[in-house]
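Bear in mind these aren't lab numbers, they're just calculated from the coordinates by the rules spelled out. Not measured: the values here are computed from a predicted model.
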Amino acid sequence: MPEDDRAKAGEYALGLMTRAEAAEFAARLDREPGLAALVARWQEDFAMLADEVEPVAPPARVRRRIEARLFDDTKSPRWLAPGVMGLLAASLALVLLFVPVGTGVRPPANPLYHADLASESGELILAAGYDGETGELYVIPELAPEEGTAHELWLIEGDNPPVSLGLMPADAPARVLLAPEQAQALQGAVLAISVEPPTGSPTGAPTGPVIATGEVMTL
Amino acid sequence: MATRDDIETWIARTALGDRRAFQNLYDHTSAKLFGISLRVLKDRAEAEDALQEVFVKIWHGSKKYTAGKASPMTWLITIARNHSIDRLRARKGDTEGDDKIAEMPDTAPGAEARVVAMGEAKRIEECFDTLEVDRAEAVRRAYLDGESYADLSERFSVPLNTMRTWLRRSLIKLRECLEP
């Protein structure tokens, strides 16, 4: 690597080039992997200088602003309001078989939707991601059901009654192919987990306590 | 203290839209990144705005991070630093033109996996020690404070071109020391 390029890569990483120089250099990076590697090495080396920068805890409002910007949580699952549960008895269950993925879960290559299902206290119970290309929903359970019970996953679209997406595996990640109409319903929907008998809800609607909910986010 | 693996995992899960992982990432790295923004911007309110933007960039850019290439902290630090410098230059209305520096650090082509060992931070210090004091200081200020050639030439009272020559020579010397 010519000396000049080594210095240039450093100047580029430091942000010392003029706009024209930087643009010209950036164009070279696309076709010269060796040069790009050099910039990456400078970034790696310079980043060590940051060791001398004292961490300063940012005020809590920064985090709130970030979350407000990224995650609009104004929609709350209205169906969880007291009394609403009783109205859900006649809902249609569509219990699908979840296929355990086994070790080395392949997360969606192109996740379209994601939901973190958390308990009221904020504990993560299950993470779910929907791959728009394979049409599969991937689930990663973080909490195994208690002995003699099962966790059932529900899809709630607006004020509609919950639709079962099936029983969750106890502790291994799994995936399930969703019907197109279910996939369509995911956008803006809420996912929830209820505690059910080992064979699932006998009524087609959640019968046990709802232990976790999460809004489906479009990525 | 979060390990490199922890941070890599959180970035990877953030790329899948995992909010919890993103929160962990924020909890463990925001103080460092805020320190970096403050150092560049020297203004608390602006550093807060910068930090907010930085984490929005991290959320959206996490898919571009390739584990095992750049160290995850380098990736995060570079995003925070570069964004803060862009703000600094926008604030100054810098007409010299060296605004908008690389936004996302390049982790893709051919960047070697370099495990940042405990001793490595010491190594860059050692290499800085081989430079003359004010030249080392100039490189440090360019990186940590985001100073431009114009700032540096004023600070060290040397013509712009002299500063440019100093700095380029220092960079070559540093690179030779870092990779003999």
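For the reader, a short list of remarks on this structure follows.
- Exceeding the 18 Å Cα-Cα cut-off - candidates B:LYS32/B:LYS63; B:LYS32/B:LYS92; A:LYS8/B:LYS173: B:LYS32/B:LYS63; B:LYS32/B:LYS92
- Global form of segment B:137-180, assessed from the alpha-carbon gyration tensor, a/c cut-off 1.5: oblate
- Our estimate of slack between A:THR199 and A:ARG31, defined as 0.36 nm per intervening residue step minus the Cα-Cα distance, is 54.7 nm.
- Sequence-ordered 3J(HN,Hα) estimates for segment A:120-129 from the Karplus curve with 6.51, -1.76 and 1.60 and θ = phi - 60° stand at 4, 7, x, 6, 6, 9, 7, 10, 10, x Hz, glycine and proline given as x.
- Segment B:20-41-segment A:166-219 distance, computed between alpha-carbon centres (Å): 34 Å
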